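One structure below.
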Amino acid sequence: MEEETHTDAKIRAENGTGSSPRGPGCSLRHFACEQNLLSRPDGSASFLQGDTSVLAGVYGPAEVKVSKEIFNKATLEVILRPKIGLPGVAEKSRERLIRNTCEAVVLGTLHPRTSITVVLQVVSDAGSLLACCLNAACMALVDAGVPMRALFCGVACALDSDGTLVLDPTSKQEKARAVLTFALDSVERKLLMSSTKGLYSDTELQQCLAAAQAASQHVFRFYRESLQRRYSKS
């Protein structure tokens, strides 16, 4: 981490709404979500975050291979497929982070000796991809009816060289000094997972986490509105 602290880091529009497009000083890009798109998975969701889009499918709880069976809980797997080509080191790293997040909230003990598989397909990557993957995975798990102790969401932050903090950065903004992605739960906004890249101080880390926790309220509000729209039609 960088030794120098930037106590005067500027946070752009911490109070932006999660369903409105990014404007001057607005923190989060436009969100869109559609569930139950695919017929074969037990649950599916498409999540759009600005121009970043991820399609998620959930299979299970289902029969598990004996070699992967866990006697007291479900075996949770995450598969991330890039837009083009085969999965590489970056995809494998994101798979581990997403799996750790899902394992923190999924009540796997209710379905021992079974398998729950989350498959994520990147449709387009225009920044904050890991956060979008987390959001797509959560909505697909909800659609599949997988029991969870809380919902979760991903929020990304970027820090410029002058200490300016930008939430939900685009690909261009991710070329900043540091990029931090947090996974937070919906009950107490607790930190479930963090992924960081670049140089930042302890003070800036805390500022980014506080901004992400504030932004997560808008993401969870969007979740509720999206689910209400879906089930009010049925």
>> Just to confirm the number: angle between the C-alpha axis of helix 129-144 and the first principal axis of the chain, 0 to 90 degrees, nearest 10?
In response: 30 degrees
> Carbon and sulfur atoms: what percent of the 1.4 Å accessible area of the chain do they account for?
Replying inline: 50 percent
>> At 0.36 nm per residue, and after removing the present C-alpha to C-alpha distance, how many nm does the segment from residue 213 to residue 231 gain when stretched out fully?
In response: 3.8 nm
> Using a Gaussian network for the chain with springs between C-alpha atoms less than 10 Å apart, which of these wobbles most: 140, 131, 90?
Replying inline: 90
>> What do you get for GluC sites (Glu not before Pro) in region 130-218 restricted to DSSP loop and a cutoff of at most 16 other Cβ within 10 Å of the site's Cβ?
In response: 188
> For residue 162 and residue 34, what is the calculated FRET efficiency with R₀ set at 45 Å and r taken between the beta-carbons, to the nearest 0.05?
Replying inline: 0.70
> For the Cα atoms of the chain, what angle does the longest principal axis make with the long axis of helix 89-105, in degrees from 0 to 90, nearest 10?
Replying inline: 70 degrees
> Given the convex hull of the Cα atoms of the chain, what is a quarter of its surface area in nm²?
Replying inline: 13.4 nm²
> With contacts defined as alpha carbon pairs under 8 Å and 6 or more residues apart, what's the relative contact order of region 104-234 in percent?
Replying inline: 21 percent
> Relative to the first principal axis of the alpha-carbon coordinates of the chain, what is the inclination of helix 202-233, with its axis defined by its Cα atoms, in degrees from 0 to 90 and to the nearest 10?
Replying inline: 50 degrees
> What residue among 135, 72, 36 shows peak mean-square fluctuation when the chain is described by a Gaussian network model with Cα springs under 10 Å?
Replying inline: 72
> Among all lysine pairs in the chain that are eight or more places apart or on different chains, how many have alpha carbons less than 30 angstrom apart?
Replying inline: 24
>> Using alpha carbons only, how many angstrom separate the centre of region 192-234 from the centre of region 84-156?
In response: 15 Å
>> With +1 on the Cβ of every Lys and Arg and -1 on the Cβ of every Asp and Glu, and nothing else charged, how large is the dipole of the chain about its Cα centre, in debye rounded to the nearest 20?
In response: 780 debye
> Counting alpha carbon pairs within less than 8 Å and at least 6 residues apart, what relative contact order, in whole percent, applies to region 59-171?
Replying inline: 30 percent
>> On a full-extension model of 0.36 nm per residue, what is the gain between residue 62 and residue 81, subtracting their alpha-carbon distance, rounded to one decimal in nm?
In response: 4.7 nm
> Can you tell me the accessible area per residue over the chain, all protein chains present, probe 1.4 angstrom, in square angstrom?
Replying inline: 48 Å²
> Can you work out the FRET efficiency for the pair residue 224 and residue 190, with r the C-beta to C-beta distance and R0 = 25 Å, to the nearest 0.05?
Replying inline: 0.85
>> Taking just the alpha-carbon atoms of region 59-149, what radius of gyration and Dmax come out, in angstrom?
In response: 13.3, 41
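The values are calculated or read from the model by the stated rules, or taken from the named source; none is laboratory data. Computed from a predicted structure; not experimentally measured. Note: ideal-geometry Cβ built from the backbone for every residue, glycine included; neighbour counts use all protein chains shown. Just the protein is used for accessible areas: all its heavy atoms, side chains included, with ligands, DNA and RNA removed. Shrake-Rupley method; radii C 1.70, N 1.55, O 1.52, S 1.80 Å.
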